[in-house]
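Remarks on the structure that follows.
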Amino acid sequence: MARNIQSLERAAAMLRLLAGGERRLGLSDIASSLGLAKGTAHGILRTLQQVGFVEQDEASGRYQLGAELLRLGTTYLDVHELRARALVWTDDLARSSGESVYLGVLHQQGVLIVHHVFRPDDSRQVLEVGAMQPLHSTALGKVLAAYDPVAHSEALEADRQAFTDRTVCDPDAFERILDATRARGYAADVEETWEGVASVAAPVHDRRRMPVGAVGVTGAVERLQQDGELRPELIAAVRDCARSVSRDLGARRF
């Protein structure tokens, strides 16, 4: 049996680490998280940096995913029918809502972001295509878990981490949230994953009426809420976007 190449395994683990959690990590954080000596971790990072897969912030010295890796990922994702069909509609949603728009699919017990439209203002933002989000706490994840039986099973089997004091981890309470999601046609996340951040998402279906993804908006709680409730016009816009993408995929009655 052929042996795995340890240095490639370590590089892959490093890229996965940088793709999840905090966007930038220091050398010590990376080495300790992967159980590597600092010298070993630094050598791998330097190689990844040379080929453009990792970038180092000059001010902080921390590392993040590089533009070349994102370009390669985007090249693959561009051929993904879901993303291609959603491009126009997600752009429209970002313009009308004034918020960031995300398109996600089920992948490895989480939500893989396959398309990200920046909030239409002049603020500094980081492209999150290729990032992973949890199933149990995000609006995108709850939509997938509510409509996709595989996502539902994976959400229940996974370790549901409490990211904030609002995160719902109890399985019975989580099931009630999924029931409510199916009943109203959308899911919400109000500071369940990140403090001060809220999101709304709705399901995307294909011509077989199968759930193939979720689309949603994410932004500051004070912008997405009004009088303590999610803005109804924002919910309507997200659902309209999801229906439009579904129709373009051949779905009927959306």
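The values are calculated or read from the model by the stated rules, or taken from the named source; none is laboratory data. Because the structure is a prediction, the values reported are computed rather than measured. A quick note on method: Cβ atoms are made from the backbone with ideal geometry, for glycine too, and the neighbour counts reach across all protein chains shown. Remember, those area values only see protein heavy atoms, side chains included, never the ligands or the DNA or RNA. Shrake-Rupley method; radii C 1.70, N 1.55, O 1.52, S 1.80 Å.
Key figures
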quantity	calculated
Global form of segment 183-254, assessed from the alpha-carbon gyration tensor, a/c cut-off 1.5	prolate
By average C-beta atoms within 10 angstrom, highest first, the peptides 45-54, 143-152	143-152, 45-54
Potential lengthening between Arg252 and Glu229 on full extension [0.36 nm per residue; Cα-Cα distance subtracted]	5.2 nm
Cα-projected label distance for Trp194 with Ser60, points at 7 Å along beta-carbon direction, nm	1.3
Per residue accessible area in Å² of the chain, where ligands, DNA and RNA are left out and the probe is 1.4 Å	53
Carbon plus sulfur fraction of accessible area for the chain, probe 1.4 Å, in percent	50
Which label in [x] 124; [y] 159; [z] 183 gives the computed volume of the Cα convex hull per residue in Å³	[y]
Calculated P(r) of segment 100-187 - Cα pairs past 15 Å, %	58
Using alpha-carbon coordinates, inclination of helix 171-184 to the longest axis of the chain, degrees	50
Tilt relative to the chain, helix 38-50 - C-alpha long axis, 0 to 90 degrees, to 10	70
Structure-based [θ]222 nm, the chain - -39500 (n - 2.57) summed over DSSP H runs of at least 4, per residue, nearest 500	-14000 deg cm²/dmol
